[in-house]
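K.L.:
Okay, here's the structure, questions in a sec.
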Amino acid sequence: VYAFRQITSGHINNTFAVQGSNNQTCYILQNVDSKVFHNIPEVMENIEKMITFIASKSGTAKNFNPGLIPQLLRTKDGSGYCVTEDGNYWRLFSYIEGRTLESTENAQQVSEAGQLYGQFLYVLSGLDASEFHITIKDFHNIKFRLTQFDQACEEANPDRFEASSALRSFVNENRKRYIESFEFITAPDKPTHLVHNDTKLSNILFDTHDKGVGIIDFDTLMPGYFAFDYGDAIRTICSTTNEDDANIADTSFNLNYIDGFTKGFTQPLKEFLSENTLVSFSLSIAYMPFLMGLRMLTDFLNNDVYYHVAYPDHNLVRCRNQFKLVQEAEAMSSEISNIIHY
Ligand code: GN1
Ligand code: MG
């Protein structure tokens, strides 16, 4: 006998905790959003390849405990997912006992998250990124995201267009700067690697002693750049408020947290960190909240077709929060650069 409890923290897929007769959660059941992921079999192929590789590396030099990654359960005919008659894609993962956080509560959680993401990227560096599918093209490409924004501005309903006036101006005043950051971060001297691409705080699981016990959400596992994973992680792990917080007067970066996260994250990746890569890390701390805020604003202008929202202005509130982080990162840029060059 199973019971199902919906988990609402993700913004895209529908996720359920599956409980057995003893009321213990035993699996995570997910319905993958085919409006966002256009080729789910390729998403699943990436995930299976990564899980198999990590299992094969346990006990070797690139030691990464496979228990930190959920296992994929198989259908009777051996597939890692199933498609129901209505065309929906479903998959089932083993459950890792742990809790997710929307905001970090202490320095230990920050450092654990940094170590976990850094070690994960290190073990992935043993894989050839070019053998993995691009599950969402131009995912962190600001030029593409600006094109989507410009189109949304043209098609937006007048009320939403008006309500977003100040935030639209912020985009237009700063767009050139972040196109330059993008060009620098992705210049040919920075190699691509297989990366997570969604390194938010809530994709780490913690035990009751604040030890990191799992990494989840591999839908955007694909070739990319360490800098984007670094900046995307800082965006939620080192922010003083969570992404949904409307009180932006309180929204800033905690520099001690950036320091703790950076040490944990960069340690395992040392051999890859050229001077230019470190500079790209500093740039990404403002770049990622600019990109995420832009995507949230675009979705607001498009009437909330992409992210799950709980109320009409939700995407606008998220965008305002992210753009405050952009301003804070710019104001702290020299402190941030010193931390990264420790
Ligand atoms: C989405 O679904 P979720 O919560 O893991 C989004 C990320 C954003 C995030 C913002 C495929 O992630 O890019 O960072 O929301 N994922 C996709 O919280 O668009
Ligand atoms: Mg995700």
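Quick note: the coordinates plus some simple rules give every number you see, no bench work behind them. Please read all numbers here as calculations on a predicted model, not as lab measurements. Positions of Cβ are backbone-derived with ideal geometry, glycine not excepted, and every protein chain shown enters the neighbour counts.
K.L.:
Starting from the Cα-Cα distance between residue 267 and residue 334, subtract it from 0.36 nm times their residue separation and give me the gain in nm to one decimal.
P.N.:
On the way: separation 67, 0.36 × 67 = 24.12 nm, distance 2.13 nm.
Once the chain is fully extended between residue 267 and residue 334, it gains 22.0 nm.
K.L.:
Which FRET efficiency value, to the nearest 0.05, is calculated for residue 42 and residue 275 with the Förster distance at 35 angstrom and r the Cβ-Cβ distance?
P.N.:
0.50
K.L.:
Given only helices, namely DSSP H runs of n ≥ 4 each adding -39500 (n - 2.57), what is the per-residue ellipticity at 222 nm of the chain, to the nearest 500 deg cm²/dmol? Walk me through the numbers on the way to the answer.
P.N.:
On the way: 10 runs with 154 residues, N = 342.
Taking each H run of at least 4 residues, the total per residue is -15000 deg cm²/dmol.
K.L.:
Along the Cα-to-Cβ line of residue 250, 7 Å from the Cα, sits a label point; which residues in the stretch 92-135 have backbone N less than 16 Å from it?
P.N.:
Under 16 Å, as judged by backbone N against the label point of residue 250, lie 102-106 of the stretch 92-135.
K.L.:
Quick one: Debye curve from the C-alpha atoms of the stretch 1-160, no solvent, what's log10 I(q)/I(0) at q = 0.12, 0.14 Å⁻¹?
P.N.:
-0.74, -0.99
K.L.:
Work out the FRET efficiency for residue 161 and residue 242 from their Cβ-Cβ distance, taking R0 = 25 Å, and round it to the nearest 0.05. Before the final figure, lay out each step's value.
P.N.:
Working: r = 27 Å, r/R0 = 1.09.
After rounding to 0.05, the efficiency reads 0.40.
K.L.:
Also, I was wondering about something else. Exactly which GluC sites (Glu not before Pro) in the stretch 88-121 are in a DSSP loop and have at most 11 other Cβ atoms within 10 Å?
P.N.:
Details: sites: 97, 102, 105, 112; in loops: 97, 102, 105.
When the GluC sites (Glu not before Pro) of the stretch 88-121 are filtered for loop state and at most 11 Cβ neighbours within 10 Å, 97, 105 remain.
K.L.:
Residues of the stretch 158-202 with backbone nitrogen within less than 18 Å of a virtual label 7 Å along the Cα-to-Cβ line of residue 341, please, listed as ranges.
P.N.:
185
K.L.:
Right, something else. What is the calculated FRET efficiency for residue 65 to residue 99, with r their C-beta to C-beta distance and R₀ = 25 Å, to the nearest 0.05?
P.N.:
Working: r = 19 Å, r/R0 = 0.75.
It comes to 0.85.
K.L.:
Report the gain in length on full extension from residue 6 to residue 172: 0.36 nm times residue separation, minus Cα-Cα distance, nm rounded to one decimal. Please report the intermediate quantities before stating the final value.
P.N.:
On the way: separation 166, 0.36 × 166 = 59.76 nm, distance 3.86 nm.
Contour length minus the Cα-Cα distance gives 55.9 nm.
K.L.:
Taking every pair of distinct Cα atoms and averaging 1/r, then inverting, what Kirkwood hydrodynamic radius in Å comes out for the stretch 9-81?
P.N.:
Numbers: mean 1/r = 0.0696 Å⁻¹.
After inverting the mean inverse Cα-Cα distance, the result is 14.4 Å.
K.L.:
Compare the peptides 229-239, 21-31, 131-141 by average per-residue count of other Cβ atoms within 10 angstrom and give them in order, highest first. Don't skip to the end; give the middle numbers.
P.N.:
Values: 229-239: 27.4, 21-31: 13.9, 131-141: 16.2.
Per-residue mean Cβ counts within 10 Å order the peptides as 229-239, 131-141, 21-31.
K.L.:
Next up: With springs only between Cα atoms under 10 Å apart, run a GNM on the chain and tell me which of 41, 268, 312 wobbles the most.
P.N.:
312
K.L.:
Could you tell me the convex hull volume per residue, in Å³, taken over the Cα atoms of the stretch 109-250? Mind showing how you got there, number by number?
P.N.:
Values: hull volume 20.8 nm³, N = 142.
With only Cα atoms used, the stretch 109-250 gives 146 Å³ per residue.
K.L.:
Okay, next question. Give me the three principal axis extents of the chain from the C-alpha atoms, as integers in angstrom, largest value leading.
P.N.:
Per principal axis, max minus min of the Cα coordinates gives 55, 47, 38 Å.
K.L.:
Further, regarding this structure: Restricting to DSSP loop positions (anything but H, G, I, E, B) with no more than 16 other Cβ atoms inside 10 Å of their own Cβ, which GluC sites (Glu not before Pro) remain in the stretch 17-92?
P.N.:
In loop regions of the stretch 17-92 (DSSP not H, G, I, E or B), the sparsely surrounded GluC sites (Glu not before Pro) are 85.
K.L.:
List the residues of the stretch 255-279 whose backbone N lies under 20 Å from a point placed 7 Å from the Cα of residue 107 along the Cα-to-Cβ direction.
P.N.:
Residues 255-268 qualify, since their backbone N sits under 20 Å from the label point.
K.L.:
Which pairs in the list 143/324; 76/200; 49/76; 57/137; 200/324; 137/190 are over 27 Å apart, alpha-carbon to alpha-carbon?
P.N.:
Details: 143/324 21 Å; 76/200 33 Å; 49/76 20 Å; 57/137 29 Å; 200/324 18 Å; 137/190 19 Å.
Pairs exceeding 27 Å: 76/200; 57/137.
K.L.:
What does the charge dipole of the chain about its Cα centre add up to, to the nearest 20 debye, if the Cβ of each Lys and Arg holds +1 and the Cβ of each Asp and Glu holds -1?
P.N.:
Details: 27 positive and 43 negative charges, 102 e Å.
Once rounded to the nearest 20, the dipole reads 500 debye.
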